[in-house]
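The values are calculated or read from the model by the stated rules, or taken from the named source; none is laboratory data. Nothing here was measured: the structure is a model prediction, and the numbers come from that model. Cβ atoms come from the backbone with ideal geometry, glycine included; neighbour counts cover every protein chain shown. Calculation scope for accessible area: heavy atoms of the full protein, side chains included, ligands and nucleic acids excluded. Shrake-Rupley method; radii C 1.70, N 1.55, O 1.52, S 1.80 Å.
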Amino acid sequence: MERRKFLSNTLLTSLGLSLLPSINNSDSFASTSRKPIVMSTWNHGLAANDAAWVVLSAGGRALDAVEQGVRVSEADPKVSSVGYGGAPDRDGNVTLDACIMDEEGNCGSVAFLEKIMHPISVARKVMEKTPYVMLTGDGALQFALANGFKEENLLTEEAKKAWLDWKKKQTELKIDKDHHDTIGMLAIDIKGNISGACTTSGLAYKMRGRVGDSPIIGAGLFLDNEVGGACATGKGEAVIKIAGSAMIVELMRNGKTPKEACKIAIERIAKKQKDCKDFQVGFLALNKSGEYGSYSLQKGFDYAVCFDKINKIYKSESFA
Ligand code: SD4
């Protein structure tokens, strides 16, 4: 796109308008394959998409794009459910979960990892350097240190203060609109290959050792290069119980659009889980044509899509 058109679209986008591209809210349809494209959860997905776009627009691999993209959220102290600045467990320890998956179905994951700023990059190393999929806790930390990662304090003063306030009240936190912002990201590169990443500090003030859906392949993230991918945010237990992301990919394989597939998964949660009014779950899906969609249990789930240099936020439709 020539520069003037791009600039005017950037301006229009910042005003909530756009001449380009023909992407509509949830369940966009592409007559031809739309690539490269990247999408991610929540408002901070915009900055993450920007970093992923640098890789994708240079003809890079989707796997590198999703890793570089989510590293932005991991390092951002203001993102309170991911990496540095993430809310700690109830004992004050920041414990991290992450996974990554490539177009060949290779995947790597870390769970209950402490003191490492970029769990997604450790997950990638697990994928590339071990015969395993998942490492946890001390073993994951040992592996990270052996591979050149440095130990760091991830508990910021702000997160510590919020945790101490919580300790005084000891209230059970709901996974509602305000208390989670796990980043899940899906990208298709110029070659048409898809990859995905998901990274989180998990549920705020969780029990020590608790692991959610985000590092679990099939729950927080799943993809198949023949079909597309899906990722999740929200209450991990609810997502694990329905194998959420794997279910969505299989629904797309059987002809559902990304949004239809996300909606069916949310409806399954609503039908089977009696306490579903008390928590949030949001799914994103992207198929091989670059059509994307989302659906959430409660209102308030936003996500960012970047295509053709336009990076913008969409509001998800919801069950409630
Ligand atoms: C978890 N899915 O650990 C995550 C929570 C989340 O931002 O989305 N946090 O269950």
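Under a 5 Å amide H to amide H cut-off, with H placed in plane at 1.01 Å, what residues pair with Ile183 once short-range neighbours are removed?
When sequence neighbours closer than 5 places are left aside, the close amide H contacts are Thr199.
With +1 on the Cβ of every Lys and Arg and -1 on the Cβ of every Asp and Glu, and nothing else charged, how large is the dipole of segment 22-315 about its Cα centre, in debye rounded to the nearest 20?
Here segment 22-315 has a charge dipole of around 680 debye.
What's the local net charge at Ile183, with K and R +1, D and E -1, over the other residues with C-beta under 11 Å away?
-2
Once the other residues with Cβ under 10 Å from the Cβ of Gly236 are scored (Lys, Arg +1; Asp, Glu -1), what is the net sum?
Once positives and negatives cancel, what remains is +1.
Using only alpha carbon pairs under 8 Å that are at least six residues apart, calculate the relative contact order of segment 22-315 and give it in whole percent.
25 percent
Show me, for segment 76-93, the HN-Hα J-couplings you get by feeding each phi into the Karplus relation (A = 6.51, B = -1.76, C = 1.60, θ = phi - 60°), rounded to Hz, glycine and proline as x.
8, x, 7, 8, 8, 10, 9, x, 4, x, x, 5, x, 6, 6, 9, x, 9
Once phi is turned into ³J(HN,Hα) by the Karplus curve 6.51 cos²θ - 1.76 cosθ + 1.60 with θ = phi - 60°, what whole-Hz value does each residue of segment 246-255 show in order, with x for glycine and proline?
After applying 6.51 cos²θ - 1.76 cosθ + 1.60, I find 5, 4, 5, 5, 5, 5, 5, 4, 8, x Hz.
Calculate the all-directions average of the projected area of segment 196-320's alpha-carbon convex hull, and give it in nm².
7.7 nm²
Ranking request for peptides 291-302, 201-212: highest mean number of other beta-carbon atoms within 10 Å first, then the rest in descending order.
291-302, 201-212
Quick check: at a probe of 1.4 Å, how many percent of the accessible area of the chain sits on carbon and sulfur atoms?
About 51 percent, which is the carbon plus sulfur part of the accessible surface.
Might you tell me the accessible area per residue for the chain, computed with a 1.4 Å probe and given in Å²?
43 Å²
What is the sum of charges around Thr199, taking Lys and Arg as +1, Asp and Glu as -1, for the other residues whose C-beta is under 10 Å from the C-beta of Thr199?
-2
Which of rounded, prolate, oblate describes segment 59-152, given a ≥ b ≥ c as roots of the alpha-carbon gyration tensor eigenvalues and a/c under 1.5 marking rounded, otherwise prolate only if a/b is larger than b/c?
Cα axes put segment 59-152 in the oblate bin.
With unit charges on the beta carbon (Lys/Arg positive, Asp/Glu negative), name the residue among Ala47, Cys107, Ala270 whose Cα is farthest towards the positive pole of the charge dipole of the chain.
Ala270
Explain nothing, just compute: Karplus ³J(HN,Hα) = 6.51 cos²θ - 1.76 cosθ + 1.60, θ = phi - 60°, for every residue of segment 300-309 in order, whole Hz, x for Gly and Pro.
Coupling constants for segment 300-309: x, 8, 10, 8, 10, 10, 10, 8, 6, 6 Hz.
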